[in-house]
Amino acid sequence: MDISILKNIIQSLPMVLPEAMVAALILLLTIACIIPWKKPAMVGKSLSWIFGIGYILLKINQWNGQWDNGFLGMISLDNYRIAGQLLLGGLYLFSLHLSAVEVQLKNEERMEYWLLKAAILLGGSALVMSDNLLMIYLAVELLSFSAYGLTAFSFNEKGNKAALKYLLFGAIASALTVYGMSILYGLTGTLSLTDGSFWMNLSTAPVSILAFAAFLAVIGLLFKLTAVPLHPWVEDVYQNAPTPIAALFATLPKIAAFFCFMGIMQLLPPLSAEAKQAIIVALGFIALVSMTAGNLLALGQKEVKKMLAYSSVSHAGFLIACIIVPAKSAWDAGLFYAAIYGIMNMAAFGLVQYFETGKKAITYEDFNGMGKKHALWGIGLVIVMISLTGLPPTAGFNAKLMVFLALWEQYETTSTTIYLLLLVFGVLNTVIALFYYIRLPYHFYFQEEGEEDYHFYRRREVVIENRLQWAYRIALFVAILPLIVLFFAPQIIL
Amino acid sequence: MIATEVSAFGEILLYIIGSVLFVLLTYFGSWLFRPHRPNEEKNTTYESGEDTVGTAWGQFNMRFYIVALLFILFEVEIIFLFPWATVFGDAQLIAETDGMWGWFAIVEMFLFIFILVLGLAYAWGKGFLNWDKPEVIPPKVDTKVPDQLYDAVNNRY
Amino acid sequence: MEITTFLFYLPFLLTFAVVGIYAERKIAGFIQDRMGPMDTGKFGLLQTIADVLKLLMKEDITPARADKKLFPLAPIIVFSAIVSGFAVLPLTSGWTGAGAQVGVFYLLTIITFDVVGILIAGWAANNKYALFGAERSVAQLISYEVPMGLCVLAVVCVCQTLDLQAISFQQGIFAASAGQEESYLFGIKALGIEVSQYGGFLTWNIFRAPVLIPVALIFFIASLAEANRAPFDLAEAESELIAGYNVEYSGFKFAMLMLGEYGMMLLMSILMAVLFFGSWNTPLPNIGGLPLAEWTSGEPGTLSGHLWGGFWILSKALVVIFFQMVVRWTYPRLRVDQLMIFAWKYLTPASLVLVLLSVIWRMLMI
């Protein structure tokens, strides 16, 4: 036994200080679960906020630090990953805010709700910095298990069904992942991705087995990214989970998986050229199918949350497209895209939640004629939808443009067909996306509200407290503002 | 006498095979001696003389699943603790690291155990450890004995 | 090159079952102020042998509605799981059994298999009594598995090894010759009193680390539950469940389940002797010019070593069994909710604390 191992472990401890903070939050909330509070929502919310902000501050503190591999190559940290984690922290806080406004469901009375949310942040944060197959697997599992639990938090039959569906789907995905990882371990004798022998041994492994194993091993990540062969659960889960939760699902795990993927691709170079090419083509194909299928499925939806669910599949395609371009420009594009994607999805879900809890608006038709009464909200809605489509003057445009530019550059230097295909399909998909995104503002402003429906909605209308109204407005403003600002000044993030 | 060299797990296998063979042997032995005269009455399911209704193959009480879940939680914990238990107090390693080895390992594991204890505390606090008890309905009897005498007896035990 | 201990343990188990059932009846009689069996043979000595013959001659009934394949399988699983547990138990200083490094860990795992057998027995009979008995029994077994595992863990923390023979050597005068650490009085090195030279009860685990005394108590309670013995014999509560999971078994299949139960008793008692009471080491210490310990334990590997070792370990185990029987006839049966609460709310937290304490004790020992 080497003493240096012990030293390495002790020296790596500061690397996970922010994560330790989140873990402490989880433990505290567990204890809080069994104490009968007078106002459990207050306790859960304030604890989550304090520790969430603490997490972000500690992460900022890590910025530009000299971080090496930690815990014997289990994790590693650099500015790119820290940026990703900061993004996760921000999304977590925003989702906390959305939950606080959610007056209908009384979920926040349950301490477990806050606990599982914190667990998602911990899982995502760990996933971003994992450098070891085992670590990746554990982080994905932590994300998934909390997600299964949270899905059921709408406490109705549909929610339970969705949670069960999610659980079964996730269980199979995770079984396949661990199977693939075990084959990779068998081929290489190590689980550490930073270990040179891992890639060396992979290069000499039989191609058919390697392809099979590698595909299985990334299933877990693709599942979190909701890329196409692993997308069927999104519809039910996003539709039936409480909306702040759906907003969290749509952003945090995906972005975490994206950064993890980026980290893996960064380590690819020791692999032989053919193998790299094969990986790129395979992932490129997944990206292609994801963006197209996601878009086409979204086109057929009648309910807004389902539309957003499938549109997130399509966005996953764009994220994967960034992953496979091994160039600096793609990195920036990826970071930018992920950030914008997170912000605009949060905003979109926030708006949907507002209309859902306040006006019981679920389908497109429910939004008919609301433009007259809620003009200000409508402006926000239009901005978010335009941004989701990827049109100027919103940051969604910059994000897509940067991805396309990166793809084009890569095509020019390597002339690999897949990049061109991705580019073409990406542009085509943006056009398709226009139809279903703009449908919402169209119903909002240009459709007349049915007379009968009017009373129906009035009866169901729920008055949101004034104080909360304002909190809500500010939050959405905070989310929507960057979409405009970043269009004119994208360098803020880069 | 068996005088071959068997490895440790070979011997364990020997035990397993030996005991299974022993049971089969006794089955065979009793088959030689015992009578075999089954009839319909004999082969019915025993239910204290009543005719059985339906099958016993049905659902288990949910409680058992919760116990099983808790069991798995703790067994996994114990599985993780065993390898640790054999190394944390290694005298040589502790000497090499000036005692840091032992204390670091202990702190790490205490944290681990603490988290699991929290799990137990959670199950306890949420009442998952309590077994279903039927509601006790005290029978109403028309007697001259005052109720508090009964209560005194009931509350004592 | 050793002869497998199987050749000793299986016949010993059979003999023990015969003698043990007789002893149990006599002890029960004694405690309840009656005679116990008296008719068959002098003092009823042949009673159990007659019972065995009866079981052998008895018709073997498989209920028509039972699962025909699983029904005979259950006794095999129960019996072989328990007998396999004996594989790693040392018998004497020179007769180790399977010297697997994972030793006691293997033992804990293999006897858990017993649970599967019991569940199969209850399920296959397709009898409501049997199924309820099996459910309760399984819940009980797995609940008490946890404190028991933690108790074993506490011992492992002190001894730093899973090998039962190594644990045995640590607790006697041969520690140094087997390459084990020497013991200090109460395990506290700072006291500076080395006791390995004295041997005897001073080097037993419960004296090497007195924190293990409550651990031994919890282990004893858990072992009662593991063997399905009173006061934890709810699974076979005669008044409620007739005979629990073995209600439909008759003839030698029943005998095998019964034998499994007695096997569990013996296994737990020997394990307890090994873990806490010095295994095959003598209880008598060397006192100055009076080397009692050396007189009462032969050199490892010699004939006298075998004889003394076997004598000590088995008599310790039998003393533990005597207490198990006394407990059975002294305490009333627990209610099912008390049973589970006792395991989860008292024994488990207590044994967790004891594990932590023994970890700290270990740090005092070096």
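List of remarks:
- Near pairs, Cβ below 6 angstrom, 6+ apart or cross-chain, from segment B:70-97 (at the interface with another protein chain (Cβ under 7 Å from one of its Cβ atoms)) to any residue that is aromatic (Phe, Trp, Tyr): B:82/C:105; B:93/B:101; B:94/B:101
Yes/no matrix, rows are residues, columns are (1) assigned to a helix (DSSP H, G or I); (2) touching a Pro at 6+ places or on another chain (Cβ under 7 Å); (3) more than 29 Å from residue A:16 (Cα to Cα):
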residue: A:138; (1), (2), (3): yes, no, no
residue: A:153; (1), (2), (3): yes, yes, yes
residue: A:161; (1), (2), (3): yes, no, yes
residue: A:190; (1), (2), (3): no, no, no
residue: A:198; (1), (2), (3): yes, no, no
residue: A:202; (1), (2), (3): yes, no, yes
residue: A:208; (1), (2), (3): yes, no, yes
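- Test: residue in segment A:192-201 that is within 16 Å of residue A:257 (Cβ to Cβ), in contact with an Asp or Glu (Cβ under 7 Å, 6 or more places away or on another chain) and not acidic (Asp, Glu): yes
- Of the residues making up segment A:38-52, one or more are within 14 Å of chain B (Cβ to nearest Cβ) and either among the β-branched types (Val, Ile, Thr) or within 30 Å of residue B:127 (Cβ to Cβ) (or both).
- From A:254, A:276, residue being assigned to a helix (DSSP H, G or I) and over 22 Å from residue A:145 (Cβ atoms): A:276
- Filter pass, residue C:192 being surrounded by 24 or more Cβ atoms within 10 Å (Cβ to Cβ) and not hydrophobic (A, V, I, L, M, F, W, C): no
- Failed item in (1) modelled with pLDDT under 90; (2) assigned to a helix (DSSP H, G or I), with residue C:320 passing the rest: (1)
Quick grid of which residues meet (1) over 16 Å from residue A:299 (Cα atoms); (2) β-branched (Val, Ile, Thr):
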site	(1), (2)
A:402	yes, no
A:405	yes, no
A:414	yes, yes
A:431	no, yes
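- Of all residues in segment C:170-187, those being surrounded by 24 or more Cβ atoms within 10 Å (Cβ to Cβ) and assigned to a helix (DSSP H, G or I) number 1.
- Among (1) within 14 Å of chain A (Cβ to nearest Cβ); (2) modelled with pLDDT under 80, the one test that residue B:61 misses: (1)
- Only one of the listed residues (A:87, A:93, A:25, A:57) is modelled with pLDDT of 85 or more and within 14 Å of chain B (Cβ to nearest Cβ). That residue is A:25.
- Beta carbons closer than 9 Å, at least 6 apart along the sequence or on distinct chains, pair a first residue in segment B:107-127 that is closer than 13 Å to residue B:70 by Cβ and at the interface with chain A (Cβ under 9 Å from one of its Cβ atoms) with a second that is acidic (Asp, Glu) and assigned to a helix (DSSP H, G or I) for B:119/B:77.
The rows are residues; the columns are (1) out of contact with any His (no Cβ under 6 Å at 6 or more places or on another chain); (2) modelled with pLDDT of 85 or more; (3) within 14 Å of chain B (Cβ to nearest Cβ); (4) surrounded by fewer than 20 Cβ atoms within 10 Å (Cβ to Cβ).
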position	(1), (2), (3), (4)
C:27	yes, yes, no, yes
C:45	yes, no, no, yes
C:63	yes, no, yes, no
C:73	yes, yes, yes, yes
C:83	yes, yes, yes, no
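- Test: residue C:4 is surrounded by fewer than 17 Cβ atoms within 10 Å (Cβ to Cβ), under 30 Å from residue C:94 (Cα atoms), within 25 Å of the chain's Cα centre (by Cα) and polar (S, T, N, Q): no
- Members of segment C:323-339 that are of a type in the set (A, V, I, L, M), within 14 Å of chain B (Cβ to nearest Cβ) and assigned to a helix (DSSP H, G or I): C:336, C:339
- For the residues C:164, C:150, C:131, C:108, the requirement of being within 18 Å of the chain's Cα centre (by Cα), at the interface with chain B (Cβ under 9 Å from one of its Cβ atoms) and buried (at least 24 other Cβ atoms within 10 Å of the Cβ) singles out C:150.
- Restricting segment C:111-128 to residues that are in contact with a helix residue (DSSP H, G or I) (Cβ under 8 Å, 6 or more places away or on another chain) and at the interface with another protein chain (Cβ under 9 Å from one of its Cβ atoms), the residue that is farthest from residue C:279 (Cα to Cα): C:125
- If you go through segment A:413-428 and keep only what is under 22 Å from residue A:438 (Cα atoms) and either aromatic (Phe, Trp, Tyr) or surrounded by 21 or more Cβ atoms within 10 Å (Cβ to Cβ) (or both), you end up with A:425, A:426.
- Of residues in segment A:19-60 being among the polar types (S, T, N, Q) and in contact (Cβ under 8 Å) with a residue 12 or more places away in the chain, the one farthest from residue A:112 (Cα to Cα): A:48
- The one condition in (1) surrounded by 16 or more Cβ atoms within 10 Å (Cβ to Cβ); (2) without any contact (Cβ under 8 Å) to a residue 12 or more places away in the chain; (3) within 9 Å of chain A (Cβ to nearest Cβ); (4) of a type outside the set (Ser, Thr, Tyr) that residue B:101 fails to fulfil: (2)
- Any hit, segment A:70-77, residues being in a helix (DSSP H, G or I), more than 14 Å from chain B (Cβ to nearest Cβ), crowded, with 16+ Cβ neighbours inside 10 Å and not hydrophobic (A, V, I, L, M, F, W, C): no
- Some residue of segment B:133-152 being at the interface with another protein chain (Cβ under 8 Å from one of its Cβ atoms) and either assigned to a helix (DSSP H, G or I) or exposed (fewer than 13 other Cβ atoms within 10 Å of the Cβ) (or both): yes
- Looking across segment A:390-412, the residues that are in a helix (DSSP H, G or I), in contact (Cβ under 8 Å) with a residue 24 or more places away in the chain and surrounded by fewer than 22 Cβ atoms within 10 Å (Cβ to Cβ) come down to A:397, A:405, A:409.
- Boolean, residue A:487 is under 24 Å from residue A:291 (Cβ atoms) and modelled with pLDDT under 75: yes
The values are calculated or read from the model by the stated rules, or taken from the named source; none is laboratory data. Worth saying up front: this structure is predicted, and the values here are computed from it rather than measured. So basically every Cβ, Gly included, is an ideal-geometry build from the backbone, and we count neighbours across all protein chains shown.
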